[in-house]
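Novice: The structure is given below, and queries will be raised subsequently.
The values are calculated or read from the model by the stated rules, or taken from the named source; none is laboratory data. Every value quoted in this text rests on a predicted model; they were computed, and no experiment measured them. Reconstructed Cβ throughout: ideal geometry from the backbone, glycine too, with neighbour counts over all protein chains shown. Heavy atoms of the whole protein, side chains included, go into the accessibility calculation; ligands, DNA and RNA do not. Shrake-Rupley method; radii C 1.70, N 1.55, O 1.52, S 1.80 Å.
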Amino acid sequence: MSEILRAVIDTNHVMSAILSDRGASSKLIDWMTKEENYFTLLISEPIRREYETVAGWLIPDSRRNEMRRILDILYDRAELVKPGIRLNACSDESDNCFLECAVTGNADYLVTKNIRDFPPKEYQGVRIVRIAKFLIVLEQMENTLKKLV
C-alpha cells in the first residue's frame with residue numbers, strides 16, 4: 001500500500017468500542033486488526049492515561065475482559081508520540097492533549113464525536129472529523145487496493 005494514514009482517536013470512540021461490539025467505533029477496532037495496515041494510531045502518555053482513567057470508572061465489570069482486549073490491541077499497534085508542544089486550541093482544555101499528539105505526530109486525522117470542542121475542520125494540517133468520515137476514507141483506501149491487486 002502506498003500510504004498509511006496517521007490518526008489520533010478520541011477517548012469517546014475507544015470507550016464506545018469497549019461498551020459495544022456493534023457500531024462505528026467497533027468497526028474502527030476491526031480496521032486495526034486487518035492484515036493490511038490502513039492507519040497508524042498515534043497515542044501519547046496523556047492520551048493513554050485518559051483511556052485508562054475513563055475506562056476505569058466507565059466500563060462495567062462485565063466488559064472488563066473486552067476493555068483489556070481492546071486497549072491491548074490499541075497499545076500494541078500504536079505509535080507512541082512525545083509531544084513537545086502545549087496547545088490551547090480546544091474549548092475543552094482536556095482535549096488539547098489529543099491535538100498536541102496529532103500535530104506532533106503529523107497525523108492526517110483526529111477522530112472524535114465532539115468536533116465542536118476542537119478547532120473547526122482542520123488544525124495545522126490535521127483534519128478533525130467524525131468517525132463516519134474516517135471510515136469512508138478507510139473504505140476508499142481498501143477499494144483502491146483491491147482494484148490494484
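Novice: Can you compute the modelled spin-label distance between GLU36 and LYS146, with each label point 7 Å from Cα toward Cβ, in nm?
Specialist: Result: 0.9 nm between the two label points.
Novice: Kindly count the pairs of lysines across the range 7-149 whose alpha carbons are less than 15 Å apart, treating pairs on different chains or eight or more residues apart as eligible.
Specialist: For the range 7-149, the number of qualifying lysine pairs is 6.
Novice: Check LEU42: other-chain or 5+ apart residues with amide H under 5 Å from its amide H, H built from backbone geometry?
Specialist: ALA7, VAL8, ILE9, GLU79
Novice: With a sphere of radius 12 Å drawn around the Cβ of ILE115, what net charge do the other residues whose Cβ falls strictly inside it have (Lys, Arg +1; Asp, Glu -1)?
Specialist: +1
Novice: Okay, moving on. Regarding the range 1-48, what whole-number volume in Å³ per residue does the convex hull of its Cα atoms give?
Specialist: Cα-based convex hull of the range 1-48, divided per residue, equals 78 Å³.
Novice: Give the residues of the range 8-29 whose amide nitrogen is closer than 16 Å to a point set 7 Å from the Cα of ILE85 in the direction of its Cβ.
Specialist: 8
Novice: In the range 33-137, what percent of the accessible surface is made up of carbon and sulfur (1.4 Å probe, ligands and nucleic acids excluded)?
Specialist: Using a 1.4 Å probe with all protein chains present, the range 33-137 comes out at 46 percent carbon and sulfur.
Novice: With a 10 Å radius around each residue's Cβ, average the other Cβ atoms per peptide and rank 118-126, 12-20, highest first. Let's see the in-between values first.
Specialist: Details: 118-126: 15.1, 12-20: 19.8.
Taking the mean over residues of other Cβ atoms within 10 Å, the ranking is 12-20, 118-126.
Novice: Report, as a whole number in µm² per second, the diffusion coefficient that Stokes-Einstein gives for the range 48-149 at 37 °C and 0.692 mPa s using the Kirkwood radius over alpha carbon pairs.
Specialist: 211 µm²/s
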